[in-house]
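Heads up, the thing below is written out as structure tokens.
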């Protein structure tokens, strides 16, 4: 792939998030719980929930990264709101293989949720290993690696308002010059 490429600009993301909020608004019960999966969901979750008119509560879950060669994650932050008998919407930045999502769905259902819907900004269905349903998708993508709008590489780039596709190997080899190019590509998509 080479140089970083703008994948979705800020205005395109904002428009799609507004559409997604309207779709959720039509389906949510009063008192539904919107659960963000930390940390990649934060800008998306904030923009999405500010556009929902239905009274909701918000909570968060956090997982460790996959342990090398294990496919296992560990919950580092659990729900603090009682979701028993309630409608829950899990909000993810990206869904790919489905392993994390499967774990999260089982976890929330074990807490007694009456229904769990999945909402993601980016869906990499081409990488799906577990055949899980994603109820609301912002954008389907086959991009190799995305950063910006909450998505990161080693904690960097979450605050870009646009999303940039990067070549991970190039980014890791590029050092500061590679990082500068990602910032440049991401900021080019900030113009409305």
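What follows is calculated from the coordinates using simple rules that are stated; it is not laboratory data. The structure presented is a predicted model; accordingly, all values stated were derived computationally and were not measured. A quick note on method: Cβ atoms are made from the backbone with ideal geometry, for glycine too, and the neighbour counts reach across all protein chains shown.
Mean projection of the Cα convex hull over all viewing directions, computed for region 17-111: 6.1 nm². Normalised by the number of residues in the chain, the average gap of Cα pairs under 8 Å and 6 or more apart makes the relative contact order 27 percent. Helix-only arithmetic for the chain: the sum of -39500 (n - 2.57) across DSSP H runs with n ≥ 4, divided by the residue total, places the mean residue ellipticity at 222 nm at -10000 deg cm²/dmol. If you average the alpha carbon positions of region 36-67 and of region 132-181, how far apart do those two centres end up, in angstrom? Computed from Cα coordinates, the inter-centre distance equals 18 Å. Principal-axis analysis of the Cα atoms of the chain puts helix 99-110 at an angle of about 20° to the longest axis. With the simple spin-label model, which puts each label point 7 Å out from Cα in the Cβ direction, the residue 188 to residue 169 separation comes to 2.3 nm. Modelled spin labels at residue 84 and residue 38, positioned 7 Å past Cα toward Cβ, are 2.5 nm from each other. Each label point was placed 7 Å from the Cα along the Cα-to-Cβ direction; for residue 129 and residue 27 their separation is 2.6 nm.
The packing ranking of peptides 90-97, 77-84, 101-108, highest mean first, is 90-97, 101-108, 77-84, where packing means the average number of other beta carbon atoms within 10 angstrom of each residue.
Relative contact order of region 1-105, please, whole-number percent, based on alpha carbon pairs below 8 angstrom and at least 6 residues apart.
Details: 125 pairs, mean separation 30.6, N = 105.
Worked out over region 1-105, it gives 29 percent.
With bins 10 Å wide beginning at 0, the percent of Cα pairs of the chain falling in each bin runs 9, 36, 36, 16, 3, 0.
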